[in-house]
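The values are calculated or read from the model by the stated rules, or taken from the named source; none is laboratory data. The model shown is predicted, which means the values in this text are computed figures rather than measured ones. Note that we place each Cβ from the backbone using ideal geometry, even for glycine, and neighbour counts take in every protein chain shown. The accessibility values were calculated without ligands, DNA or RNA, using every heavy atom of the protein model including side chains. Shrake-Rupley method; radii C 1.70, N 1.55, O 1.52, S 1.80 Å.
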Amino acid sequence: MTETATIYHNPRCSKSRNTLNILQEHDLEIREVRYLDTPPSKEELKQLCDLLNKKPVEIIRTGETLFKELGLDKNDDRSDDEWLNILINNPKLIERPIVKINGKAVIGRPPENVLSIINS
C-alpha cells in the first residue's frame, strides 16, 4: 500500500519545491495543499501543530513583511487560539512547507527533514 503524504506548501518557494521533489522520489501518493490558495482550517492547523509538537506561534514566519505590518511580536501575550486565528486569516505567515505522513508531521526546513517521517 502506498503511503499518502500531505504537503502544505507554496510552489514559488524553493524549500517547498525541494521538499516536494524528495517526496516524489520516495514513491508516495502526494496530496498537495497550496495553503495560500486553500488555507487549512483552524482545526487542521491545530492538528498540524500538535503533530509537530509546536505551539501556533512557533510556526509563524516572522521574517514576512506582513508580520511587521500587523504589528506582531512572538512575545505578544496571545493565546494559542489567537495565534491560530492570525494564521488562518493570514496564511502567508504559516511556515512552509509542512509535510504530514501517517500521523507524523515535520517542517521541511531544510527539505531533508522530511526523510525523518518517510517510512517511519
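Which is touching a residue at least 24 places away in the same chain (Cβ under 8 Å), of a type in the set (S, T, N, Q) and open to solvent by less than 50 Å² (accessible area, probe 1.4 Å), of ASN102, ASN10, ASN85, ASN18? Only one candidate qualifies: ASN10.
With respect to GLU58, determine if the residue is open to solvent by 50 Å² or more (accessible area, probe 1.4 Å), closer than 19 Å to ASN18 by Cα and outside any strand (DSSP E or B).
No: the conditions fail for GLU58.
The residue that is least open to solvent (accessible area, probe 1.4 Å), among those in region 21-48 that are more than 19 Å from ARG61 (Cβ to Cβ) and under 13 Å from the mean Cα position of the chain (by Cα), is SER41. Quick check on region 66-79. Is at least one of its residues buried (at least 16 other Cβ atoms within 10 Å of the Cβ) and more than 22 Å from PRO11 (Cα to Cα)? So far as region 66-79 goes, yes, one or more of its residues are buried (at least 16 other Cβ atoms within 10 Å of the Cβ) and more than 22 Å from PRO11 (Cα to Cα).
Scanning region 1-55 for residues being of a type in the set (Gly, Ala, Ser), assigned to a loop (DSSP other than H, G, I, E, B) and within 17 Å of SER116 (Cα to Cα) gives a total of 0.
This table checks each residue for (1) among the charged types (D, E, K, R); (2) free of Cβ contacts under 8 Å to residues at least 60 places away in the same chain.
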| position | (1), (2) |
| --- | --- |
| THR4 | no, no |
| ILE30 | no, yes |
| ASP50 | yes, yes |
| LYS54 | yes, yes |
| LYS68 | yes, yes |
| ASP76 | yes, yes |
| ILE94 | no, no |
| PRO97 | no, no |
| SER116 | no, yes |
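May I ask you to verify whether ILE118 is more than 15 Å from VAL57 (Cβ to Cβ), in contact with a His (Cβ under 6 Å, 6 or more places away or on another chain), surrounded by 15 or more Cβ atoms within 10 Å (Cβ to Cβ) and among the hydrophobic types (A, V, I, L, M, F, W, C)? Lay out the reasoning, then the answer.
Values: more than 15 Å from VAL57 (Cβ to Cβ): yes; in contact with a His (Cβ under 6 Å, 6 or more places away or on another chain): yes; surrounded by 15 or more Cβ atoms within 10 Å (Cβ to Cβ): yes; among the hydrophobic types (A, V, I, L, M, F, W, C): yes.
Against the criterion (more than 15 Å from VAL57 (Cβ to Cβ), in contact with a His (Cβ under 6 Å, 6 or more places away or on another chain), surrounded by 15 or more Cβ atoms within 10 Å (Cβ to Cβ) and among the hydrophobic types (A, V, I, L, M, F, W, C)), ILE118 qualifies.
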